[in-house]
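This report concerns only the one structure given below.
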Amino acid sequence: MKKVVLSVIAITIGILILLHIAYKPPLPNLGELKLKQEFAIKPEPDVDHSLFPELQKTFKTPQEVTEACIECHNQRHKEVIASSHWNWERISYVEGRGIASMGKSNVLNNYCIGASSNEQACAKCHIGFGMSDDHFDFENARNVDCMVCHDNSEEYIKGASMAGYPDRSVNLTKVAQSVGRPQSINCGACHFYSGGGNNVKHGDLEEALLATTREVDVHMAANGINMTCVDCHSAEDHNIKGKLYSVSSSDQNRLTCDHCHTSTPHMDRNLDLHTSKVACQTCHIPTYAKVNPTKMEWRWSEAGKLKEGKPYHETDTVTGAETYMSIKGSFVWETNVEPEYYWFNGHATHYILGDQVNSIPIQINSLLGSATDRNAKIYPVKVHRGDQIYDIDNNMLVQPKLWAAEKGDSAYWKDFNWDLAAEAGMKRVGLPYSGNYKFVNTEMYWPVNHMVAPKEEALSCEECHRREDSRLAGLDNFYMPGRDSNAGLDLIGKLLLIAALAGVVLHGLGRIVASIKNKEVETREINTEL
Amino acid sequence: MQKVYIYKGFERFWHWSQAALIFFLALTGFEVHGSFSLFGYEQAVESHRFAAWMLLTLIAFSIFWHFTTGEWKQYIPTFSKLQAQIRYYTLGIFKGEPHPTRKSVRNKLNPLQALTYLGFKLVMAPLLVITGLVYMYYRSIDANDMVIVSDIPLNVIAFLHTLGAYLILMFAIIHIYMTTTGETPTSNIKAMLTGYENLEEDEPEENLYESEFSDIPKK
């Protein structure tokens, strides 16, 4: 009895010790608390521009506003003139290509294809005035548009197809007196609406972020830390942190989550170890385009259908998104999209105008990296698929002229003639056009970085670590527990277990049968003795 | 026949806690392997690691125990009666023949058992422990400069660890069945639970051996 009591006590103590070791109390994440406190205090402007006598006048042209800015900020225009927002190109070393100057003049996209020959319209998103063709003077500081980024009155808006000039309705004096730190709408005016409408291009950058909840974006949520774009995308000398891999190619001046959150943010060693191979975005952005749909496909080959000789468009009755436009073709839109996943080391290559096509679908850009690349991590990516016009004889993609003010200027959006549009566009960029065209499939890769979900909604382990339907099913050349296994070993292992079970069952049955028989023999022997 | 104290306290604690840990590790391990879903992947991984550390601690104590008590000698293989033992399990047992070897405090294990357990201790357990530790500390080269074991591909480590798991499960199935081949079907399990088993009288020299442990109680 004493022994039983003692052993019960010993076992109880043992279990209590184990529970004590296994129990992990929830610890406060001090790093995260510090960040929250840091960003809770919003920056206050140092000066009130409405009080400056220099700005107490009626500005007739936007250039007058720029001159007024430069009067005081007399060196800043140089920084702007050195920036890629102004130059629309960047010089970088590209593997396999050498030193390349790449930007909107020579890199295509998978939406409206390219800016060349369409500058009058595309320059709505250029931080300058008067880019109507390829003769824009990139040295003239008077044409720097300070207001588009620094207007804090929400008054400023660029005009449609006005070569980057503000809309005629804008009260320039009001804008000039309200300038300050860029707000989210300043960035969003271009980055939310690029590609011809809200959320068309990125999928994770759209107008819903201006007033949203934590479920959509923990950083920009009005009921959360309520951050603006430039809180993360900070600038030094007007060079803004962050890379858009539709046009960028080198791993420089990138903005990553660990700038604030460090590479070990989890309070859990197993999770922290993932950060060496898995980008934060992969788990923390389970879906994008959470509020409004984004374009996933764009088929230029469908463009040009007319009703009674006139262009038309069709819209989705549920979302209101355009599914067909005579000038652009057909579109597929999606909401709450699960990203595709790719290895990415921060470097990208691009199709540059004039490049020979060597594989179809043509990769408008491709993200470099693989499982064996020590600098690569798994990233969530929006892949935008479509088709574009292609010169069969010259084996290259075509830069078509899309926009013109009037009919008869070869622009596809007015004349609906691909031959004329291709000829005019290619002539402008100095490339040949054979007159023999067709449409080929194209793909473009957009790493997803925004719409970070609350941590409770981050991907669970099983979303990737499972045999069937793993989110990372498409990535190979590495072993992932739960997803991967050696099929031969599993088969042999199961056979071994089945053989062992069958063996012991048969052996046991044999013993039972034998013991019955042996007993019968014994009984018979006893009987004969009697 | 005589009731003999054959399995000491630590031995029984070691045996049963190791058995429980092995089954728990198999359960969580095959979930991590992706064979089924039970606890949830995260819980399975954490439990597997925790149980692994408990098992390692237990193994450390049991090695100490085996060497300080001299019990390790039980596993020295003898081949003289090995064939007779194999013949017994394949034929004799069905004919109701007696065991070819006699169990005693000094010879707890028959020759086949000694050989099997030696294999368990020298092959299966080290295979699982070593591959398990490498798996646990497997890191790849990265910007964070973590410990590197990238020379061995993870799929090789996982293959060996899983192989060990299948072998140990197979061992467990046969081991559990073999406990029923004692004096009565339950006498071996009872002995491992209580420590006492009915054994034939020890020979004098074995009594000498036993007298070295004069503190062992006898019933």
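The values are calculated or read from the model by the stated rules, or taken from the named source; none is laboratory data. In this text, all values refer to a predicted model and were calculated from it rather than measured experimentally. No Cβ is skipped: glycine too gets one built from the backbone with ideal geometry, and neighbour counts run over all protein chains shown.
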Residue in region A:310-317 that is touching a residue at least 24 places away in the same chain (Cβ under 8 Å), closer than 25 Å to A:ASN199 by Cβ and not aromatic (Phe, Trp, Tyr) present:
yes
Part of a loop (DSSP other than H, G, I, E, B), touching a helix residue (DSSP H, G or I) at 6+ places or on another chain (Cβ under 8 Å), within 14 Å of another protein chain (Cβ to nearest Cβ) and within 30 Å of B:ASN155 (Cβ to Cβ): which single residue out of A:LEU501, A:LEU472, A:LEU496, A:LEU459 fits that description?
A:LEU459
State whether one or more residues within region A:133-142 are in contact with a Leu (Cβ under 8 Å, 6 or more places away or on another chain) and not basic (Lys, Arg).
no
Does at least one position in region A:479-488 carry a residue that is surrounded by 15 or more Cβ atoms within 10 Å (Cβ to Cβ), aromatic (Phe, Trp, Tyr), in contact with a helix residue (DSSP H, G or I) (Cβ under 9 Å, 6 or more places away or on another chain) and at the interface with chain B (Cβ under 7 Å from one of its Cβ atoms)?
yes
Any idea which of A:ASN527, A:ASN477 is within 28 Å of B:ARG139 (Cβ to Cβ), at pLDDT below 95 and among the polar types (S, T, N, Q)?
A:ASN477
Check every one of the helices (runs of 4 or more DSSP H) wholly within region A:179-296 and list those with 3 or more residues that are of a type outside the set (Phe, Trp, Tyr) and over 15 Å from the mean Cα position of the chain (by Cα).
A:184-191, A:229-232, A:258-261, A:269-274
Residue count, region B:47-86 (criterion: within 14 Å of chain A (Cβ to nearest Cβ), over 17 Å from B:SER17 (Cβ atoms) and without any contact (Cβ under 8 Å) to a residue 60 or more places away in the chain)
1
Top-ranked residue of region A:251-296 - restricted to ones that are among the hydroxyl-bearing types (Ser, Thr, Tyr) and closer than 26 Å to A:ASN198 by Cα, ranked as farthest from the other protein chains (Cβ to nearest Cβ)
A:THR294
Could you list all residues from region B:36-46 that are closer than 27 Å to A:LEU491 by Cβ and either more than 8 Å from chain A (Cβ to nearest Cβ) or part of a helix (DSSP H, G or I) (or both)?
B:PHE36, B:LEU38, B:PHE39, B:TYR41, B:ALA44, B:VAL45
Just one of (1) surrounded by 11 or more Cβ atoms within 10 Å (Cβ to Cβ); (2) in a helix (DSSP H, G or I); (3) more than 7 Å from chain B (Cβ to nearest Cβ); (4) not small (Gly, Ala, Ser) trips up A:LEU491, so point out which.
(1)
Go through B:GLU197, B:GLU201, B:GLU205 for me and flag whichever is of a type in the set (Asp, Glu) and at pLDDT 85 or above.
B:GLU197
Filter region A:362-409 for residues that are among the aromatic types (Phe, Trp, Tyr) and touching a Leu at 6+ places or on another chain (Cβ under 8 Å); the one that is nearest to A:LEU108 (Cα to Cα) is A:TYR390
Scanning region A:169-223 for residues that are touching a Gly at 6+ places or on another chain (Cβ under 7 Å) and more than 22 Å from A:CYS283 (Cβ to Cβ), which turns out surrounded by the most Cβ atoms within 10 Å (Cβ to Cβ)?
A:LYS201
Is one or more of the residues making up region A:22-33 out of contact with any Cys (no Cβ under 7 Å at 6 or more places or on another chain), surrounded by 10 or more Cβ atoms within 10 Å (Cβ to Cβ), without any contact (Cβ under 8 Å) to a residue 12 or more places away in the chain and within 14 Å of chain B (Cβ to nearest Cβ)?
yes
Restricting region A:496-524 to residues that are over 15 Å from B:ALA172 (Cα atoms) and hydrophobic (A, V, I, L, M, F, W, C), the residue that is nearest to the chain's Cα centre (by Cα)
A:LEU506
Selection within region A:438-456 - of a type in the set (S, T, N, Q) and touching a helix residue (DSSP H, G or I) at 6+ places or on another chain (Cβ under 7 Å):
A:ASN449
Inside region A:294-330, can you point out the residues that are surrounded by fewer than 16 Cβ atoms within 10 Å (Cβ to Cβ) and among the basic types (Lys, Arg)?
A:LYS305, A:LYS307, A:LYS310
Per the filter on region B:152-178, residues more than 21 Å from B:LEU122 (Cβ to Cβ) and either in contact (Cβ under 8 Å) with a residue 12 or more places away in the chain or touching a strand residue (DSSP E or B) at 6+ places or on another chain (Cβ under 8 Å) (or both) are B:ILE152, B:LEU154, B:ASN155, B:ALA158
Tell me which of these A:TYR445 doesn't satisfy, since it passes every other one: (1) of a type outside the set (A, V, I, L, M, F, W, C); (2) over 23 Å from A:PRO361 (Cα atoms); (3) within 29 Å of the chain's Cα centre (by Cα).
(2)
Does A:SER249 count as of a type outside the set (Val, Ile, Thr), touching a strand residue (DSSP E or B) at 6+ places or on another chain (Cβ under 8 Å) and touching a residue at least 60 places away in the same chain (Cβ under 8 Å)?
yes
Hey, among the residues in region A:504-520 that are of a type in the set (A, V, I, L, M, F, W, C) and at the interface with chain B (Cβ under 9 Å from one of its Cβ atoms), which one's nearest to B:TYR89 (Cα to Cα)?
A:VAL504
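Every residue, every condition in (1) closer than 30 Å to A:LEU271 by Cα; (2) at pLDDT below 95; (3) part of a loop (DSSP other than H, G, I, E, B); (4) not aliphatic (A, V, I, L, M), yes or no:
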| residue | (1), (2), (3), (4) |
| --- | --- |
| B:PRO100 | no, yes, yes, yes |
| B:VAL105 | no, yes, yes, no |
| B:ALA143 | yes, yes, yes, no |
| B:GLU183 | no, yes, yes, yes |
In region A:248-283, what count of residues is obtained for those that are under 20 Å from A:CYS229 (Cα atoms), surrounded by 19 or more Cβ atoms within 10 Å (Cβ to Cβ) and in contact with a helix residue (DSSP H, G or I) (Cβ under 8 Å, 6 or more places away or on another chain)?
1
